[in-house]
Amino acid sequence: MPEGHTIHRLARQFNDVFSGQPVLASSPQGRFSSGAEKIDGRLLVSAHAHGKQLFISFDHELTLRVHLGLYGAWDFGGDESFRGASSIGAPRRIGERELAASDEGYCGPPAPVGAVRLRLQTEHGWADLRGPSACELLTEQELVAQIAKLGPDPLRDAADAGQQFGRNVLAKKSASAIAGLLMDQSVVAGIGNIYRAELLFRNGIDPWQPGSSLQPGQVAALWADAVLLLARGVQAGKIITTERAEQRSSGALNYVYQRQGERCLHCPQTVLMTELAGRKLYYCPGCQQPGNS
DNA sequence: GGCCAATGCATAG
DNA sequence: TATGCCTTGGCCG
C-alpha cells in the first residue's frame, strides 16, 4: 500500500538513525535468516529510495532491496536520536500512522511481535520489517539491473526525469489507458493507486484515454503535479491531494480515492469506482470526460 | 474465531 | 485475466 512518498521517508529515517553504524541483523520470523547472517555486524552505509524500492547498502558491497508490496511496513523504536518511535509503511487505516514516542529511556528493543522478517538493531534503536513482498540481498550488478527496470521517480531530482516520463507516456507503444501507465513502474516509479486516481482527477483526464493521445502539455502538467503531490506526501507523511480550503469545507484529503457514491468536490456528479487490471479505479465522470483536451 | 480488504507486483494460462 | 504471495486490522458472528 505504501506509495513512493513512504519509501522516501523510510530512506530518510534510515539515513538519520542507522547510517554509518554497525548493525545487528536477525530474522525473528526465520524467512530471511540466511540474508540476515550476511549483513549481521556490518556497517550500514546509506539508504536510497527509487520509486517504491528501498535500497540499503552495507560496507561489503551487498545491498538490501526491500519492497513493501501491499501490506509491508517498518516499525522503529529507540532512544531520543530516533526522534520518537514510528511506524512507516502500510497504514492499517486511511492515512499513514506515526506512533508517538515513549518518554521512557531506551533499554533495548522489545521482543519481536508478530512476523518480523528482518530486525536491524544498533545501540540506539531498532527497525522491524513485516510483510514485505521483496527482501533480498543484491550484488552491485543486480542492483544496477533492478534500477534499470524503473522509470523516472518524481522525488529524485534527475534533470531529464520529466522528459523521460513524457517520452514513456507518449511513445507509440503506450496505446494503453493512462490510468494503467501511471501504475506501470517502468513508465514512472513511485505512483500507486491513490496518486494515479488523484493525479488524473486534478488534471481533468479521462482514465481510459490512451497515453499516446495525450497533449504534451497535459503530460508535462501531470509530471509537475506528481512532483508536487509526492513531495507534499513526504513532508506530511500521508497522501493529501485536496487543497486547504477544500479540506476545511469537506474534510476530504482526497478528491476521488474511496469517495465512490459521494458527490464530486468540483461538480454535481457522483464519484464512481470500477476495476481496472485488478485494482480499484476511482474517478469523476463529470470532471474527467473523454476529450477534455 | 473466521473472513475480507489494503497505497503492489510477479507469474501462469 | 486470474492467482499467489503474505501480513494486519476491522468487521462479523
(message) Only one of A:Leu230, A:Leu199 is touching a Pro at 6+ places or on another chain (Cβ under 7 Å), closer than 22 Å to A:Arg9 by Cα and modelled with pLDDT of 95 or more. Can you tell me which?
(response) A:Leu230
(request) Can you work out which of the residues in the range A:69-92 that are part of a loop (DSSP other than H, G, I, E, B) and more than 16 Å from DNA strand C (Cβ to nearest atom) is modelled with the lowest pLDDT? (result) A:Gly84
(message) Cβ contacts < 7 Å: first residue not assigned by TED's automatic domain parsing to the domain that holds A:Ser19 and open to solvent by less than 30 Å² (accessible area, probe 1.4 Å), restricted to the range A:120-134; second residue more than 9 Å from DNA strand C (Cβ to nearest atom) and outside any loop (DSSP other than H, G, I, E, B), any location; separation 6+ or different chain. Result?
(response) none
(request) Tell me, please, whether a residue that is touching a helix residue (DSSP H, G or I) at 6+ places or on another chain (Cβ under 8 Å) and either acidic (Asp, Glu) or more than 30 Å from A:Ser86 (Cα to Cα) (or both) can be found in the range A:260-270. (result) yes
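One line per residue, one yes/no per condition, for (1) crowded, with 20+ Cβ neighbours inside 10 Å; (2) within 16 Å of DNA strand B (Cβ to nearest atom); (3) assigned by TED's automatic domain parsing to the domain that holds A:Glu142:
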{"position": "A:Leu10", "(1), (2), (3)": "yes, yes, yes"}
{"position": "A:Phe14", "(1), (2), (3)": "yes, no, yes"}
{"position": "A:Gly20", "(1), (2), (3)": "no, no, yes"}
{"position": "A:Gln29", "(1), (2), (3)": "no, no, yes"}
{"position": "A:Gly35", "(1), (2), (3)": "no, no, yes"}
{"position": "A:Gly41", "(1), (2), (3)": "no, no, yes"}
{"position": "A:Leu44", "(1), (2), (3)": "yes, no, yes"}
{"position": "A:His50", "(1), (2), (3)": "yes, yes, yes"}
{"position": "A:His60", "(1), (2), (3)": "no, no, yes"}
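The values are calculated or read from the model by the stated rules, or taken from the named source; none is laboratory data. Keep in mind that this is a model prediction, so the values were computed, not measured. Glycine gets a Cβ as well: all are built from the backbone with ideal geometry, and neighbour counts include every protein chain shown. The protein model used for the area step is the full one, side chains on, heavy atoms only, and it has no ligands, DNA or RNA in it. Shrake-Rupley method; radii C 1.70, N 1.55, O 1.52, S 1.80 Å.
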